[in-house]
Structure formats: structure tokens, C-alpha cells
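Written below as C-alpha cells is the structure these notes are about.
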Amino acid sequence: MSGGIVIAGFGCSGITRRSRRGIAAFALDAALAALQDARLDRAEIDGYVGAPFATNAGSPHAECGDEISLKSVAGMMGLRLAWGADLYRRYPTDMVAAAAHALAAGTCRHVLGLRAMYVAPGLDYATGNGAAQAFGADQMTKPYAYTIAGARFAARAWAYMARHGAGREELFAVVDLARRNAARNPDAIWRDRPLDRESYLQARPVAEPHGLFDCDMPVCGAQAFVMCRAADLPAGASPAWLTGWSGFGRPEALWQMSGRSPADLASAQLYDGFSSMVWEWLDGFGITPPGGAPAFIRDGCAEPDGRLPLNTFGGALGEGRLHGMGHLREAYLQATGRAGPRQVRPGPALVQVGPYDDSSFVLLEPDAPRGTARRTARSTG
């Protein structure tokens, strides 16, 4: 099913902490950049997948305020869609899987995928309890502040550190790697802001052991991609081949679908909304033994020239909080050999987006799977 599907192009808007421009402007910038990169005219887009859900607790969930839907994007761009979906699941890895199913079914030929984030004027991204009432499982967590300031992730970080003898020095190694990698990413919000160890350790706590710099920066920005079957790849486009995808319930399905293993990876883009998150999936995928992730990063194995380069664009901690779109974009650029000064050795690029209990995964590769014809169709745009 995955053998003949590619990401054909990627686009990025500017990324900034605050802006007088609205979310629609950022979304349109990213979408048009993706079309240009894929060598497509907007008239050739007949599929769309988005993830408009705004995740901050104080979000008004306002259309074209801090969220933007298929209907608005299609209207702005004049798209005539045979298939479209807005996912409540807000991760680009899920967007890729949804688009792959639509393409494999023949429902459409060229899918535009878009995720936009926006810090609305007068609002903040602080994570709080929200409404005074709670329903379902929230009744067991919200009254105890389990969702405030990433407390549930902080609790897991404490437990991990206690089990495996890690400390904040090891967390700094994650943040330090992110900042140094971000210095080579012209779109990163922290590209010109190196962080020394003392400044990190003295920063105010957010939810211990996480301090201020262990949390990704809320931003205004958008990124977009174009997907198609290999037979519909526009002439001149740079394809990254989608060879596998799966969800957190069965991460092993990624390797079963792709025929790969963790030992085959050339790079990994692991979600780092909080610094400790990357430990869980380094261990979880068997890249490191249980408890081995902190030493893996501390000892240089995740460096661009290390055993497995990690978050080579700076991750969310370096680029800004785009909920995994930056991770997917970097994997695409690495797989197509277009990452510039960040480029590492060619090979399969893993993307993991989401927390421990809600992640999904995608594998991108620079070459077509064995037995897949690499045909192209010239764009009429």
C-alpha cells in the first residue's frame, strides 16, 4: 500500500512569536510555497488534509482566529476538491497516513496538507485547567492539576530519571543539541540564541524537572506539504518515498510495513514539546536500551555526525511549536538531500510526533521501494 506514495514538496511560512498578520496569511504563505516546491498549480490539487485544532487551554477555537479549516483554505485558494478531511488528531504524521489512504484508494491525485499555529493577540499558550467542569477521564486528572504546565510529562520525566539515574544535566544535553542544530536552520525561532549550561539551570521552573527552556516556544507560523502517487509526481519535483506509518498502539507496524528496522535509520526527528519526551521513544523504538537515551545524547551519538542524528533542524525546542510539522519537513528535506548545511548521510528518516500515549510515526526514504516504478507525470501548471 505504501510503495508508490511520495511527499512531492514542502512549504513554510515565516515563523515568529507574535504577529499582526492573521492565521490565514501564514496558512496561505505555506500552502503556496508547498505548491511551488512540488511544481504544481493550485488547480491540480484535488485533495486536502488539515489539523486545525488549537491545543492551548485558553484557545477560543475561532475559525480564522487561532484555527483554520479545510473550508477556509479551499475558499481562499479556489480549490476544487474530490476529497478533504480536517483531523481532530493534530499531528502531521496522522495527516500523512490519512492522505496516503486517500491516494491509495484513488480518491484523489494531489493532496495538500496544512497545519497552522497562531498565538492570538491578548491570549497566551499557558496550559491550565480551563473550564470549571470536567468530563470523562478529565474528572480524574484536572482537579489535581495533572494537565497544568505539562505536569503529566514532568511526572514521567521524574520517574524516568529516578529509575535510570539521570538528572537535569542530561536534560540540558537535549536542549543544548536543539539550540546548536537550530543555529543551522534559518527558520528557527532560536537560531541566533545559544544557551549555556548556567542559564539553563538557573531558568525558572515550569513543572519540575522541566524549566523554562525545556518547553517549546509557542509561535505564529504554518507549514504545508503535497503528496501524490509516484505515477502522478510532477516533473522536477523532489520525492521522499513514504514506506511506512503506524500509531503508538503498534509502533512495530512501522517496521513491518516498511521492511526496515531501527538499525537502518539515517536520522530521527522525535517530538520534543518537552525535552524529556525524546528519551521515551529512543528507548521505545529500541534505538537505545531502557534508560539508555540520556547517555546516548550526552555522549554525542545524536550529533549530526553521530550514530543517529536527532532533530537535525533544532526540533520544536529550537524551531518553535508547530506540533510536529517541522519534524516532518526536516525528514522530507533529509530524505531528498535538500537540508543544506544540516544534511546528514542519506537513508530512512523516522518521524515521531505526539506524547507517549498519543504518538504516530512515519518513515520517509530517498529511494523508491524495491519493485516500485519511478514514473513521473508532467505538471500542466
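I'm trying to understand the selection: among the residues of the range 277-295, which are farther than 14 Å from PRO262 by Cβ and of a type in the set (Phe, Trp, Tyr)?
TRP279
Yes or no, residue by residue, for (1) at pLDDT 95 or above; (2) surrounded by fewer than 22 Cβ atoms within 10 Å (Cβ to Cβ); (3) at negative phi:
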{"residue": "ARG18", "(1), (2), (3)": "no, yes, yes"}
{"residue": "ALA43", "(1), (2), (3)": "yes, yes, yes"}
{"residue": "PHE53", "(1), (2), (3)": "no, yes, yes"}
{"residue": "ASP66", "(1), (2), (3)": "no, no, yes"}
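Could you list, in sequence order, the residues of the range 132-146 that are assigned to a helix (DSSP H, G or I) and of a type in the set (A, V, I, L, M, F, W, C)?
Answer for the range 132-146, where residues must be assigned to a helix (DSSP H, G or I) and of a type in the set (A, V, I, L, M, F, W, C): ALA137, MET140.
Among the small types (Gly, Ala, Ser) and either surrounded by fewer than 16 Cβ atoms within 10 Å (Cβ to Cβ) or within 17 Å of PHE10 (Cα to Cα) (or both) - does that describe any residue in the range 81-93?
Yes, the range 81-93 has at least one match.
Per-residue answers, yes or no, for (1) among the basic types (Lys, Arg); (2) within 28 Å of GLU303 (Cα to Cα); (3) in contact (Cβ under 8 Å) with a residue 24 or more places away in the chain:
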{"residue": "THR141", "(1), (2), (3)": "no, no, no"}
{"residue": "ALA159", "(1), (2), (3)": "no, yes, no"}
{"residue": "VAL174", "(1), (2), (3)": "no, yes, yes"}
{"residue": "LEU177", "(1), (2), (3)": "no, yes, yes"}
{"residue": "ALA188", "(1), (2), (3)": "no, yes, yes"}
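Which one is nearest to ILE23 (Cα to Cα), of the residues in the range 70-95 that are of a type in the set (A, V, I, L, M, F, W, C) and touching a Phe, Trp or Tyr at 6+ places or on another chain (Cβ under 6 Å)?
Residue satisfying both the conditions and the ranking: LEU70.
Could you pull out every one of the helices (runs of 4 or more DSSP H) wholly within the range 147-241 that has 2 or more residues that are assigned by TED's automatic domain parsing to the domain that holds PHE274, at pLDDT 95 or above and of a type in the set (Val, Ile, Thr)?
So the answer is 168-182.
Taking the stated definitions as given, is ALA116 farther than 17 Å from ALA222 by Cα and either touching a residue at least 60 places away in the same chain (Cβ under 8 Å) or touching a helix residue (DSSP H, G or I) at 6+ places or on another chain (Cβ under 6 Å) (or both)?
Considered against the rule, which asks whether it is farther than 17 Å from ALA222 by Cα and either touching a residue at least 60 places away in the same chain (Cβ under 8 Å) or touching a helix residue (DSSP H, G or I) at 6+ places or on another chain (Cβ under 6 Å) (or both), ALA116 comes out as no.
Could you tell me whether the range 260-280 includes any residue that is more than 30 Å from ALA30 (Cα to Cα), in the same structural domain as VAL175 (by TED's automatic domain parsing), outside any helix (DSSP H, G or I) and not hydrophobic (A, V, I, L, M, F, W, C)?
yes
Which one of these is at pLDDT 95 or above, closer than 25 Å to ASP192 by Cβ, small (Gly, Ala, Ser) and out of contact with any Asp or Glu (no Cβ under 7 Å at 6 or more places or on another chain): ALA295, ALA268, ALA316, ALA302?
After applying the criteria, what remains is ALA302.
Taking the range 283-340 on its own, how many of its residues are outside any loop (DSSP other than H, G, I, E, B) and either surrounded by fewer than 24 Cβ atoms within 10 Å (Cβ to Cβ) or not aromatic (Phe, Trp, Tyr) (or both)?
Of the residues in the range 283-340, 26 are outside any loop (DSSP other than H, G, I, E, B) and either surrounded by fewer than 24 Cβ atoms within 10 Å (Cβ to Cβ) or not aromatic (Phe, Trp, Tyr) (or both).
Just one of the numbered conditions (1) in contact with a helix residue (DSSP H, G or I) (Cβ under 7 Å, 6 or more places away or on another chain); (2) free of Cβ contacts under 8 Å to residues at least 60 places away in the same chain is not true of GLU67; which one?
Every listed condition holds for GLU67 apart from (1).
Picking from PRO355, PRO346, which residue would you name as being in a loop (DSSP other than H, G, I, E, B) and in contact with a Pro (Cβ under 8 Å, 6 or more places away or on another chain)?
PRO346
The values are calculated or read from the model by the stated rules, or taken from the named source; none is laboratory data. Note that the structure is a prediction, hence the values are computed from the model and not measured. Virtual Cβ from ideal backbone geometry, glycine too; neighbours counted across all protein chains shown.
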